[in-house]
Amino acid sequence: MASTKLANLRKDYTLNGLSKQDVLENPFKQFEKWFEEAQSAEVIEPNGMVVSTLGEDGYPHGRVVLLKEVDSAGFLFYTNYNSHKGADLNIHPVASLTFWWAELERQVRIIGTVEKVTEAESDAYFSIRPRGSQLGAWVSEQSQIIENRAFLSEKLAQIEQKFAEKPVPRPPHWGGYRVIPKEIEFWQGRPSRLHDRIRYRMENDNWKIERLSP
Ligand SMILES: Cc1cc2nc3c(=O)[nH]c(=O)nc-3n(C[C@H](O)[C@H](O)[C@H](O)COP(=O)(O)O)c2cc1C
């Protein structure tokens, strides 16, 4: 890769600004506002977010996952509890979430503690997934080493047979996590790298709003 080309890649951000006066008192409401704006701007997969966890190996592990719900307590995603991220979260129930909405020159960063959602919540979400995804949840032992792709197609054929003409139940190892935020930062790109950063921090059960230097 020609590193000079990478070094020359730069874009000045000019679309918008953000100040403490602009933002809503509650970061969930502010997130909702920005999320709706990302949808209106036709950002591709606006609910795609990097979920970073702390590995037992001492390294941070990040991967893209889809945000599936925001409720009054936190941000929800669904996955395989036996995956690498599941193992990380068993040991260190904390995570960060990072959204990058390029079309709006915006980033949102969240850190918080993580809990499994209730079985009823996981059942409810699993039941509305397309059948193919439901079967896939049984097929994939997420994050395990497999020999080849044929392993997956053979297992899919077995699972299809097992649940033929029956509803597919939720695998017990598949479900949701809720990230309960303690900090949420809204980042708006500005000219000359002097970006706007407004961070909400939970302090004595209240959200404190502060501006950070870019
Ligand atoms: C756009 C996109 C969306 C994804 N959504 C999910 C998701 O909602 N849940 C999930 O478990 N993996 C999702 N993945 C796959 C993860 O990035 C990752 O490969 C998988 O969860 C295994 O991660 P782990 O081995 O660190 O646990 C998605 C990947 C991409 C690129």
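Every number in this text was worked out from the coordinates using simple rules, so none of it is lab data. In this text, all values refer to a predicted model and were calculated from it rather than measured experimentally. Reconstructed Cβ throughout: ideal geometry from the backbone, glycine too, with neighbour counts over all protein chains shown.
A few points about this structure:
- From phi via Karplus (6.51, -1.76, 1.60), per-residue ³J(HN,Hα) for the range 13-30 in Hz, x at Gly/Pro: 9, 10, 5, 7, x, 8, 10, 4, 6, 6, 7, 6, 4, 9, x, 5, 5, 5
- When the inverse distances between all different Cα atoms of the chain are averaged and flipped, the Kirkwood radius reads 19.5 angstrom.
- When shorter helices are ignored and each DSSP H run of at least 4 residues is given -39500 (n - 2.57), the per-residue value for the chain at 222 nm works out to -8000 deg cm²/dmol.
- Under Karplus coefficients 6.51, -1.76 and 1.60, residue-wise ³J(HN,Hα) of the range 174-188 in Hz, glycine/proline x: 10, x, x, 10, 10, 8, 9, x, 10, 9, 9, 10, 10, 10, 10
- Descending by average beta-carbon neighbour count within 10 Å, the peptides 175-187, 9-21 line up as 175-187, 9-21, the highest first.
- For Val117, distant residues with modelled amide H under 5 Å away: Gly176, Tyr177, Arg178
- From most to least packed by mean Cβ count within 10 Å, the peptides 95-105, 125-135 give 95-105, 125-135.
- Within-13-Å neighbourhood charge of Leu152 [Cβ basis; K, R +1; D, E -1]: -2
- Rounded Å value of the spacing that divides the Cα centres of the range 104-139 and the range 18-82: 12
- The phi-based Karplus calculation (6.51 cos²θ - 1.76 cosθ + 1.60; θ = phi - 60°) puts the 3J(HN,Hα) values of the range 35-47 at 5, 4, 5, 5, 5, 5, 7, 6, 4, 6, 6, x, 8 Hz, whole numbers, x for Gly and Pro.
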